[in-house]
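The values are calculated or read from the model by the stated rules, or taken from the named source; none is laboratory data. Computed from a predicted model, the values in this text were never measured in an experiment. Glycine gets a Cβ as well: all are built from the backbone with ideal geometry, and neighbour counts include every protein chain shown. Note: accessible area is taken over every heavy atom of the protein model, side chains too, but ligands, DNA and RNA are not part of it. Shrake-Rupley method; radii C 1.70, N 1.55, O 1.52, S 1.80 Å.
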Amino acid sequence: QVQLVESGGGSVQAGGSLRLSCSASEGAATYYCMAWFRQTPGKEREGVAKIDRTGQTTYAESVKGRFTISQDNTKNTVYLQMNSLDYEVSAMYYCATSARTSLAGPYCPPFTSRDEFDHWGQGTQVSVSS
């Protein structure tokens, strides 16, 4: 009922591009922001990019200029366009949503506050060969 589904991962050669998608079911569509995280074996999950309902975006420093996050609010779907890929971006990519609010209104948690993201997808693998 509450579900996030990622797609678009796969294998690509260095220098190539991929576009990831994350779609929220109706039960998960009451979010204020959606984010992409990634994780490799033995390392903590780290934030990649996020976007709120107004279109405000945040990127990890390592992906600025290469990755672009966008959304279609009518479809409750976000996209992550990944260009100029190299081996270092190989990871399992997860999308997550947050519906947190404060006295000032809804907000999108920082990447480090992973517990404030309410729902998580199952992940999609990105593998870059070199």
| query | Taking Lys75 as the anchor, which aspartates and glutamates have their alpha carbon closer than 16 Å to its alpha carbon, excluding any fewer than eight residues away along the same chain? | reply | Glu6, Glu26, Asp52
| field | Partner aspartates and glutamates for Lys50 [C-alpha distance under 13 Å; skip if fewer than 8 residues away on the same chain] | value | Glu61
| remark: Spelling it out for Asp118: with amide H atoms placed in the peptide plane at 1.01 Å from N, the residues 5 or more places away or on another chain with amide H under 5 Å from its amide H are Thr97, Ser98, Ala99
| note | With a 1.4 angstrom probe the carbon and sulfur portion of accessible area for segment 54-123, in percent, totals 47
| query | Expressed in nm², what is the orientationally averaged projection area of the convex hull enclosing the Cα positions of segment 36-82? | reply | 3.7
| field | Disulfide-incompatible cysteines by the Cβ rule (no partner under 4.7 Å) in the chain | value | none
| Using θ = phi - 60° and the Karplus curve 6.51 cos²θ - 1.76 cosθ + 1.60, what whole-Hz ³J(HN,Hα) does each residue of segment 68-75 get, with Gly and Pro shown as x? | 9, 9, 8, 8, 10, 5, 5, 9
| field | Check: the chain dipole with +1 on Lys, Arg Cβ and -1 on Asp, Glu Cβ, in debye | value | 140
| query | Excluding ligands and nucleic acids, what accessible area in Å² is computed for Val128 using a 1.4 Å probe, to the nearest 10? | reply | 10
| Just the accessible area per residue of the chain, please: how many Å² with a 1.4 Å probe? | 53
| remark: Here the tail fraction of P(r) beyond 18 Å, over all Cα-Cα pairs of segment 4-130, rounds in percent to 49
| query | How big is D for segment 86-126, in µm² s⁻¹ as a whole number, if Stokes-Einstein is applied with the Kirkwood radius of its Cα pairs at 37 °C and 0.692 mPa s? | reply | 276
| Amide hydrogen neighbours beyond the local backbone of Leu85, cut-off 5 Å, H modeled | Gly15, Gly16
| What is the chain's relative contact order, in percent, from Cα pairs under 8 angstrom and six or more apart in sequence? | 35
